[in-house]
Every structure is written in structure tokens, then in C-alpha cells.
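One structure is given below, encoded as C-alpha cells.
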């Protein structure tokens, strides 16, 4: 998956990202949200700039994640200029206004791959899993390209699950696994 995403041309990455962002902007989850967590894309992840601009224009509270030791904290931003290179070279917020994940209405989550039942394969460090522990899955939305969606993925009980997954072609409401 990483290799396939890494080899997207800049034009293709931009075009697919634009379509995925437009999908989300038209979704009820986004329209109803008063507060949203975005991420700074790395390695050809789906861009979030259009969503940031629309959110700020609509007066939504916007937060971005920042690495704090072994944890991920969400920090409010008021414009793109508040993001600076941080851990792992990823743009992170430099502000001090921490937003608790449970207080966010919508959390966009990147990943290496996602499954139709809401499982997510991340980069292996568990930052999102720890940060979103106890957050209602209905607030957590995977954001990826269509080729990153698989029928199934292995998952563990501590892994955060997606309520839905947004791609450039569709929004999938995840069928939660039977217990």
C-alpha cells in the first residue's frame, strides 16, 4: 500500500485528494460538525487543505495532532500558518490550546490501509489508537484513496475503529464486526 501510494504522480495525488475532500465536504458528518480534527498529510496521503479552508470559513473549531512524548494531542489552529515541522517531519500545530478528542465532533484519520468493517492499519506506533481510546467510533472517519480499502485487516481490541471511510469515489459506512 505504501509503495502504491508513494508512486502516485503529483497530479494524480492532487486530483484524487480534491475529489476525496469534496466527498467529505458534502457529507452530513462534516456539515453537522462544529469541531473537527484534521491531519497534515505525509507520503502522498490524502490532502486536507480544502477541508481546513472550508472549516475555518464556516467557523468550525479545527485541531491538528501533535506528538507529545508517546502520545498524540490535538491542538486548535486558526490558520495554516500555525503548522510547523515537528516530529517525523510532519507539520504540527505550535499553539497551546489543547482540544480533548472526546470534545471533537469529527476526527479525520489517515492510514496505510482500511477495511470495510472499520479496521485501520497505521504506521505501527499506535498514536491514533491511544489518543482516540474511548472516543465514540461515530466521530472517527478514515480518509484515504479507494485502493487503500481492503475487504479485511487484522485488528486488536485496542485499535480504534472507523465509523466511516471517505475516498475519492464514495463514503463507506462501516459494517462493525460481530462480537
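The values are calculated or read from the model by the stated rules, or taken from the named source; none is laboratory data. Predicted, not measured: the structure shown is a model, and the values here were computed from it. Neighbour counts run over all protein chains shown; Cβ positions are idealised from the backbone, glycine included.
Of all residues in the range 30-43, at least one satisfies being farther than 21 Å from residue 131 by Cα, modelled with pLDDT under 95 and under 16 Å from the mean Cα position of the chain (by Cα). Only one of these conditions is not met by residue 63: (1) at pLDDT 95 or above; (2) over 14 Å from the mean Cα position of the chain (by Cα). Which number is it? Only one criterion is unmet by residue 63, namely (2).
Checked against the criterion of being in contact with a strand residue (DSSP E or B) (Cβ under 9 Å, 6 or more places away or on another chain) and at positive phi, the candidates 64, 88 yield just one match: 88. Among the residues of the range 118-140, those identified as over 18 Å from residue 29 (Cα atoms) and surrounded by 14 or more Cβ atoms within 10 Å (Cβ to Cβ) are 119, 120, 121, 122, 123, 126, 127, 128, 129, 131. Restricting 68, 131 to those that are at pLDDT below 95, over 20 Å from residue 23 (Cα atoms) and under 14 Å from the mean Cα position of the chain (by Cα) reduces the list to 131.
For the range 141-169, a residue qualifies if it is loosely packed, with under 13 Cβ neighbours inside 10 Å and at pLDDT 90 or above, and the qualifying residues are 151, 152.
Could you list, in sequence order, the residues of the range 35-59 that are surrounded by fewer than 18 Cβ atoms within 10 Å (Cβ to Cβ) and assigned to a helix (DSSP H, G or I)? Before you say what the answer is, go through the steps one by one.
Kept after step one, since they are surrounded by fewer than 18 Cβ atoms within 10 Å (Cβ to Cβ), are these residues of the range 35-59: 41-43, 49-50, 53-54, 56-59.
Selection gives 49, 50, 53, 54, 56, 57.
When residues in the range 7-30 are screened for being surrounded by 10 or more Cβ atoms within 10 Å (Cβ to Cβ) and assigned to a helix (DSSP H, G or I), 16 of them pass.
If you check 50, 56 for being closer than 19 Å to residue 167 by Cβ and either more than 12 Å from the chain's Cα centre (by Cα) or free of Cβ contacts under 8 Å to residues at least 40 places away in the same chain (or both), only one passes: 50.
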